[in-house]
Amino acid sequence: MRRPLVAGNWKMNGSLQSIQELLATITAGVADGIKADCAVFPPFPYLGEVERLLSGTVVRWGAQNVSQRAPGAFTGEVATAMLLDFHCTYVIVGHSERRALYGESSAIVAEKFAAARKAGIIPILCVGETLEEREGGVMETVIAEQLDAVIELEGIKAFDDAVIAYEPVWAIGTGKTATPEQAQEVHAFIRGRLATHDADVAARERILYGGSVKGSNAAELFAMPDIDGGLVGGAALNGQEFVTIIKAV
Ligand code: PGA
């Protein structure tokens, strides 16, 4: 039985004040019990404050990115050891914005995935195709390449301590959600790809859907057999909406 996870990726949003209000709403909203794991992903400077506000609650936290390298002369980077200082449970690796805007290749993303696991932090590996790739008929090739880079470096068993998020790039921040059927088809493809290496790991793997998840569409997405929760961007900045999504599990 896979326990769903609802993750809120705040991206480059928030302030000390807005975080306090947001987390107060979320922690109050989940206080009566939830059927999923849940976590928030603030910008790095707020990790200490998020840890302070969420310690002792059911809400976990993590970072949106991490360096693949050990501490050293890498200006502007953040190491896994630093995330551990703030007791991060998770870290997102390979978000499409990192891949597209900051040139992170699948090889780099695989190294970040490996660094996270080595530190005992659960990586959430994002994969997904652009609209052009989907329409060009190479969606499965693209997603397979993103998965294979990690499988080749870390081995299939590594997925036992990892989460995958399928995020079609055309659905991120656009208001265009994949239909539950479209998402399910790709989730089944991803699970099938893992199963060619190890059926048990594949059956246990949590695969989240991301891309314009909202309170109004979460339940139908999460009802699909291979969708194990969501990676939520814009809607995670609204406390009530995020709680509605968590409770849609
Ligand atoms: P969105 O972002 O929910 O705003 O589409 C999802 C994501 O990028 O993780």
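The values are calculated or read from the model by the stated rules, or taken from the named source; none is laboratory data. The structure presented is a predicted model; accordingly, all values stated were derived computationally and were not measured. Cβ: placed from backbone, ideal geometry, glycine included. Neighbour counts: every protein chain shown.
At-a-glance table
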| quantity | calculated |
| --- | --- |
| Tabulated pairs, the range 84-98, first closer than 9 Å to Ile122 by Cα and of a type in the set (A, V, I, L, M, F, W, C), second part of a loop (DSSP other than H, G, I, E, B) and within 14 Å of the ligand (Cβ to nearest atom), C-beta under 9 angstrom, 6+ apart or interchain | Val91/Gln64; Val91/Asn65; Ile92/Gln64; Ile92/Asn65 |
| Some residue of the range 150-160 being within 30 Å of Thr27 (Cβ to Cβ), loosely packed, with under 14 Cβ neighbours inside 10 Å and within 16 Å of the chain's Cα centre (by Cα) | yes |
| Pair list, Cβ under 7 Å, 6 or more apart: the range 152-169 residue at negative phi, other residue among the aromatic types (Phe, Trp, Tyr) and within 16 Å of the ligand (Cβ to nearest atom) | Tyr166/Tyr209 |
| Count - residues of the range 1-15 that are surrounded by 15 or more Cβ atoms within 10 Å (Cβ to Cβ) and under 18 Å from the mean Cα position of the chain (by Cα) | 9 |
| Scope the range 175-201; condition within 24 Å of Ile151 (Cα to Cα) and in contact (Cβ under 8 Å) with a residue 40 or more places away in the chain; matching residues | Ala183, Gln184, Val186, His187, Phe189, Ile190, Arg193, Leu194, His197, Asp198, Val201 |
| Residue tally, condition touching an Asp or Glu at 6+ places or on another chain (Cβ under 8 Å) and at pLDDT below 95, over the range 129-160 | 0 |
| Helices (runs of 4 or more DSSP H) contained in the range 41-141 and holding at least 1 residues under 28 Å from Trp170 (Cβ atoms) and away from the ligand (no atom under 16 Å from the Cβ) | 106-119, 131-135 |
| Residue among Ala178, Ala165, Ala183 that alone is buried (at least 21 other Cβ atoms within 10 Å of the Cβ), under 27 Å from Trp10 (Cβ atoms) and more than 16 Å from the chain's Cα centre (by Cα) | Ala178 |
| Residue in the range 225-236 that is more than 16 Å from the ligand (Cβ to nearest atom) and not basic (Lys, Arg) present | yes |
| Counted residues, the range 194-213 - those being part of a helix (DSSP H, G or I) and either within 16 Å of the ligand (Cβ to nearest atom) or buried (at least 17 other Cβ atoms within 10 Å of the Cβ) (or both) | 3 |
| Which numbered condition Gly173 fails, given (1) assigned to a helix (DSSP H, G or I); (2) under 20 Å from Gln64 (Cα atoms); (3) more than 14 Å from the chain's Cα centre (by Cα); (4) within 12 Å of the ligand (Cβ to nearest atom) | (1) |
| Top-ranked residue of the range 24-40 - restricted to ones that are in contact (Cβ under 8 Å) with a residue 40 or more places away in the chain and assigned to a helix (DSSP H, G or I), ranked as nearest to Arg98 (Cα to Cα) | Ile26 |
| Single match in Val186, Val163 (criterion: within 16 Å of the ligand (Cβ to nearest atom), β-branched (Val, Ile, Thr), closer than 19 Å to Ala110 by Cα and at pLDDT 95 or above) | Val163 |
| Selection status of Ser18, surrounded by fewer than 21 Cβ atoms within 10 Å (Cβ to Cβ), part of a helix (DSSP H, G or I) and hydroxyl-bearing (Ser, Thr, Tyr) | yes |
| Checking Ser216 against (1) within 12 Å of the ligand (Cβ to nearest atom); (2) of a type in the set (Ser, Thr, Tyr); (3) in a loop (DSSP other than H, G, I, E, B), the condition it does not meet | (1) |
